[in-house]
């Protein structure tokens, strides 16, 4: 296992333990994170998003596999199981992650998953019927951004 593979494993092992500080230590200070819900988080805001998920995800369970990396890039697959607090519905989110490294740290982290699949699980009938629409997907993004803004403001 090379150092970048170890960094990815350390990141997800910390996530399994809901240790957001250890997760943040894997990130470069100038990290850029994106996924279908949080399309452009940078630096401390990316770490704050993980801290929010770790603190609020009372039944969050993480599994990861297929970790690979070379000197500059890496990848992994991870699954998140949790109850979506907005509806109380159970979610299994299957995510493919890609990474770029600089100075032994993750400088770019991109998670890819099917937002419509997530919406069907998290939102139930509304997600099934409308979860594929830009209107609903943009609402999901706005709701998540507002939650992160409030979390950051409350945690100083």
Considering each residue of region 132-142, count those that are assigned to a helix (DSSP H, G or I), free of Cβ contacts under 8 Å to residues at least 60 places away in the same chain and either in contact with a helix residue (DSSP H, G or I) (Cβ under 6 Å, 6 or more places away or on another chain) or surrounded by 12 or more Cβ atoms within 10 Å (Cβ to Cβ) (or both), and give that number.
2
Checking the structure you have, find out if any residue of region 111-131 is closer than 18 Å to residue 42 by Cβ, at pLDDT 95 or above and surrounded by 15 or more Cβ atoms within 10 Å (Cβ to Cβ).
yes
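Name the residue, out of 101, 151, that is closer than 30 Å to residue 5 by Cα and surrounded by 13 or more Cβ atoms within 10 Å (Cβ to Cβ). If you could, list the steps in order and put the result at the bottom.
Numbers: 151 fails: closer than 30 Å to residue 5 by Cα.
From the options 101, 151, the qualifying one is 101.
Name the single residue that is surrounded by the fewest Cβ atoms within 10 Å (Cβ to Cβ) among those in region 33-47 being closer than 26 Å to residue 132 by Cβ and in contact with a strand residue (DSSP E or B) (Cβ under 6 Å, 6 or more places away or on another chain).
Step one: list which residues in region 33-47 are closer than 26 Å to residue 132 by Cβ, which gives 33-41.
Then keep just the ones that are in contact with a strand residue (DSSP E or B) (Cβ under 6 Å, 6 or more places away or on another chain); that gives 33-35, 40-41.
Details: 33: 21, 34: 16, 35: 19, 40: 10, 41: 20.
By that ranking, first place goes to 40.
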Scanning for something surrounded by 15 or more Cβ atoms within 10 Å (Cβ to Cβ) and more than 29 Å from residue 2 (Cα to Cα), does region 48-70 turn up at least one residue?
yes
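The values are calculated or read from the model by the stated rules, or taken from the named source; none is laboratory data. Predicted model, so just to flag it, every value in this text is computed and none were measured. A quick note on method: Cβ atoms are made from the backbone with ideal geometry, for glycine too, and the neighbour counts reach across all protein chains shown.
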